[in-house]
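Asks: Structure in structure tokens, see below.
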Amino acid sequence: MSAPELPRVILHVDMDAFYAAVEVREDPSLAGKPVIVGHRGRRGVVSTCSYEARRFGVRSAMPSVRAERLCPDAVWLRGRMGLYARESREIRKILDDVAPVVEPLSIDEAFLDMTGVARDLEAGRRVAVELKERIRSSRRLTASIGVAPNKFLAKIASDMDKPDGLVVLSAADVPGKLWPMPIRRLWGVGPKTGARLEALSIRTIGDLLKVADDDLARVAGASGARHLRALARGEDERAVIRSHEAKSISEERTYDEDLTHPDDVDRALLARSEGVARELRRGHLQGRTVHIKVRSGDYTTWTRSRTLPEPTDLAEVVVRAARELFRDRIRLRGSGIRLLGVGVSGLEPAGSGQPGLFVDPDERRARRMARAADAVRERLGEDAVTRARLLRRRDEAGSLPSVD
Ligand code: TTP
Ligand code: MG
């Protein structure tokens, strides 16, 4: 018997003509006009342009001289990065509000993993409709969204009906919609590989599936060929990762008086592990590697880590590893502890790995209880739920977890 797998529902959100659209919003007299954001002149290039300017053939990264020739009446603006970055953060807040896992790709693009929230692609479409409406009403901007069972198809889909588009691309659409697309739309096919594939008469994505393995491997290498072929079949297993920035979550605390009693040390390890595990669950993340950091009264500092067989978001699992590391790998030789930290790295979205066939029932129960406690804390505040062991603590004054 295998664990039931939820169908993946991935959204790719891409703002339309982003810099130009923000400028038009700020100055409504620009609405309906060809607007180009970029530096004019011999060495300038176009950052982006409104869809009105695209009708003349103007594109991102085009030399400005050429754009001026194609569209002599365009309004040129030099661009205001601070404004676009602030706008990006506002949009990000909306995305975070809608989706449990958001992976920003660039200033105006993100993947959203709606698996388990939207039960199928149709439900994903409804989320996309709502999201577009929220962006329109609260930011007065339009987004194009692709809805699909994986990242690659979602990204292809968001681009299929720009601007203000919404396209659902299912596995069943792959032969009819993906295969006729030019080969360069495949991720990982740049101009060089593209030209070599075209030399093999591979022009469309569908053509790629007709070529012999050896021929493809000669152009792209063995693993590259496998990768391209999977994409061409519309297959992409990559997880939506919450944020490229978050590499680890850790919590540490410095003590006014060095900890010397083993019970105090143990309570501190548990408290830090709890904080870290809670932060993991809040971010819908699990981590594989547990770290501890210990500084003694004479400022000797140790960092030790251990990788777990399975990623976790449970304090019980984190603290078990932290205790073992402390017991087996730290030699204090009589001095007390000034600083103690626990961290978890090797982060991935919760539930992105193979669901374990034999999930330990204790672990399942622990996770359920942890989630219930998280929910109570959300409602009633930080101190509403505290473990019995921590009630005896005398050293703690909660510290904020840090994410880096
Ligand atoms: P894109 O999403 O590629 O372009 P866009 O949002 O302007 O237009 P659309 O998505 O509707 O096709 O890039 C987002 C922003 O990044 C864009 O508004 C400006 C900036 N950018 C550059 O500065 N130089 C470039 O070459 C590209 C492609 C984008
Ligand atoms: Mg865009």
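The values are calculated or read from the model by the stated rules, or taken from the named source; none is laboratory data. Since the structure is predicted, the reported quantities are computational estimates derived from the model, not experimental observations. For neighbour counting, all protein chains shown are included, and Cβ atoms are generated from backbone atoms with ideal geometry for every residue, glycine included. These accessible areas exclude ligands, DNA and RNA; they are computed on the full protein's heavy atoms, side chains included. Shrake-Rupley method; radii C 1.70, N 1.55, O 1.52, S 1.80 Å.
Asks: If I filter region 187-194 for residues that are within 16 Å of ligand 2 (Cβ to nearest atom), aliphatic (A, V, I, L, M) and on the phi < 0 side of the Ramachandran plot, do I get at least one hit?
Replies: no
Asks: Output the residues belonging to region 285-299 that are free of Cβ contacts under 8 Å to residues at least 60 places away in the same chain and either surrounded by 14 or more Cβ atoms within 10 Å (Cβ to Cβ) or not in a loop (DSSP other than H, G, I, E, B) (or both).
Replies: THR289, VAL290, HIS291, ILE292, LYS293, VAL294, ARG295, SER296, GLY297
Asks: For VAL117, all conditions in the list (1) farther than 30 Å from GLY32 by Cα; (2) of a type in the set (Val, Ile, Thr); (3) without any contact (Cβ under 8 Å) to a residue 40 or more places away in the chain hold save one; what is the number of the exception?
Replies: For VAL117, the exception is condition (3).
Asks: Name the single residue, out of those in region 92-139 being within 16 Å of ligand 2 (Cβ to nearest atom) and of a type in the set (Lys, Arg), that is farthest from ALA172 (Cα to Cα).
Replies: Result: ARG139.
Asks: Here is a follow-up. Answer yes or no: is there a residue in region 187-210 that is modelled with pLDDT of 95 or more, open to solvent by less than 50 Å² (accessible area, probe 1.4 Å) and touching a Pro at 6+ places or on another chain (Cβ under 7 Å).
Replies: Yes, that holds for at least one residue.
Asks: Among the listed residues VAL9, VAL22, VAL35, identify the single one that is more than 16 Å from ligand 1 (Cβ to nearest atom), aliphatic (A, V, I, L, M) and in contact (Cβ under 8 Å) with a residue 40 or more places away in the chain.
Replies: Checking each option against the conditions leaves just VAL9.
Asks: Would you say SER250 is in contact with a helix residue (DSSP H, G or I) (Cβ under 8 Å, 6 or more places away or on another chain) and surrounded by 14 or more Cβ atoms within 10 Å (Cβ to Cβ)?
Replies: Considered against the rule, which asks whether it is in contact with a helix residue (DSSP H, G or I) (Cβ under 8 Å, 6 or more places away or on another chain) and surrounded by 14 or more Cβ atoms within 10 Å (Cβ to Cβ), SER250 comes out as yes.
Asks: While we're looking at this one, here's another question. Given the condition over 25 Å from the mean Cα position of the chain (by Cα) and buried (at least 19 other Cβ atoms within 10 Å of the Cβ), answer yes or no: does some residue in region 310-319 qualify?
Replies: Yes: region 310-319 contains one or more residues that are over 25 Å from the mean Cα position of the chain (by Cα) and buried (at least 19 other Cβ atoms within 10 Å of the Cβ).
Asks: Identify, by number, the condition in (1) away from ligand 2 (no atom under 16 Å from the Cβ); (2) farther than 30 Å from ARG242 by Cβ that ALA53 doesn't meet.
Replies: It fails just one condition, (1).
Asks: Determine the pairs where a residue that is without any contact (Cβ under 8 Å) to a residue 60 or more places away in the chain and among the charged types (D, E, K, R), located within region 215-244, has a partner that is outside any helix (DSSP H, G or I) and open to solvent by 30 Å² or more (accessible area, probe 1.4 Å) with Cβ atoms under 8 Å apart, the partner being 6 or more residues away or on another chain.
Replies: ASP215/LEU200; ARG229/LEU209; ARG233/LEU209
Asks: Check SER29 against each of (1) closer than 23 Å to SER158 by Cβ; (2) of a type in the set (S, T, N, Q); (3) more than 16 Å from ligand 2 (Cβ to nearest atom) and name the one condition it does not meet.
Replies: It fails just one condition, (1).
Asks: Given the criteria buried (at least 16 other Cβ atoms within 10 Å of the Cβ), more than 27 Å from the chain's Cα centre (by Cα) and at pLDDT 90 or above, does LEU228 qualify?
Replies: Here the answer is no, as LEU228 does not meet what is asked.
Asks: Does any residue of region 68-84 turn out to be in contact (Cβ under 8 Å) with a residue 40 or more places away in the chain, under 13 Å from ALA17 (Cβ atoms) and within 28 Å of the chain's Cα centre (by Cα)?
Replies: For region 68-84, residues in contact (Cβ under 8 Å) with a residue 40 or more places away in the chain, under 13 Å from ALA17 (Cβ atoms) and within 28 Å of the chain's Cα centre (by Cα): present.
Asks: Out of the residues in region 42-52 that are free of Cβ contacts under 8 Å to residues at least 24 places away in the same chain and open to solvent by less than 70 Å² (accessible area, probe 1.4 Å), which is nearest to GLU122 (Cα to Cα)?
Replies: GLU52
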